[in-house]
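Engineer: Can you keep this structure in mind? I'll have questions shortly.
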Amino acid sequence: MTQENLIPYMEHEGFGLFINVFRQLATTCSDLNSNFVAPINYFLMQDQNLCDWQTKLLRMIYDEAFYFNSIKKTTLLNEGYAVLRQTEYINLLNLSVSEKLEIAQIDARLHYKPEQGLNYYSLGRSMWEEVLKQDVSKVLEEYTDVQF
């Protein structure tokens, strides 16, 4: 959502409070590693209590949250698969020793384990290495990170 999308709504009384409430909700959901789409959906179902501009703005927020929530659900699958395939393709190239060294350095930075949290690239790649070749298409089509 860009600043331009918000301009028509900024003139409404209560806009600042409305935005701050949803910023706080987003922060709380993020801190709890929770889904931000469900609370927005709840507020949309209560739209008789909202002004038209609030409903329109909330639908825009919902659409964006839904889009990013879908991406978040498949981060491990996507990043792991990309790293696995990248390695396969790089191995097919006829690279010089210096090019291989440069790629190895980049790969080492990519797989660096942070002090806290997960490295999605390393974990995802390790998980994909366990998937049988004949099951790859099924996993790509049917699974999210939680199911994987």
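The values are calculated or read from the model by the stated rules, or taken from the named source; none is laboratory data. Because the structure is a prediction, the values reported are computed rather than measured. Positions of Cβ are generated from backbone atoms using ideal geometry, with glycine treated the same way; all protein chains shown enter the neighbour counts.
Engineer: Identify the residue in the range 89-128 that is under 20 Å from residue 78 (Cα atoms) and of a type in the set (Ser, Thr, Tyr) and, among all such residues, is farthest from the chain's Cα centre (by Cα).
Structural biologist: 89
Engineer: Only one of (1) touching a residue at least 40 places away in the same chain (Cβ under 8 Å); (2) assigned by TED's automatic domain parsing to the domain that holds residue 23 is not met by residue 65, so which one is it?
Structural biologist: (1)
Engineer: Would you mind finding the one in 7, 19 that is modelled with pLDDT of 80 or more and in a helix (DSSP H, G or I)?
Structural biologist: 19
Engineer: Checking residue 99 against (1) loosely packed, with under 13 Cβ neighbours inside 10 Å; (2) modelled with pLDDT under 90, which test does it fail?
Structural biologist: That leaves (2) as the condition not met.
Engineer: So the check is Cβ under 7 Å with 6+ separation or different chains; which pairs have a first residue in the range 22-44 that's at pLDDT 75 or above and a second one that's surrounded by 14 or more Cβ atoms within 10 Å (Cβ to Cβ) and outside any helix (DSSP H, G or I)?
Structural biologist: As it stands, the answer is 26/36, since those pairs meet every condition given.
Engineer: Here's another thing I want to ask about it. Out of curiosity, is residue 94 surrounded by 15 or more Cβ atoms within 10 Å (Cβ to Cβ) and polar (S, T, N, Q)? Quick ask: steps written out before the conclusion?
Structural biologist: Working: surrounded by 15 or more Cβ atoms within 10 Å (Cβ to Cβ): no; polar (S, T, N, Q): yes.
Spelling it out, it is not the case that residue 94 is surrounded by 15 or more Cβ atoms within 10 Å (Cβ to Cβ) and polar (S, T, N, Q).
Engineer: Collect the residues in the range 123-143 that are touching a residue at least 12 places away in the same chain (Cβ under 8 Å) and polar (S, T, N, Q), keeping them in residue-number order.
Structural biologist: Hit for the range 123-143 is 126, nothing else.
Engineer: Still on this structure, please answer the following. Taking the stated definitions as given, is residue 104 loosely packed, with under 14 Cβ neighbours inside 10 Å and more than 27 Å from residue 26 (Cα to Cα)?
Structural biologist: yes
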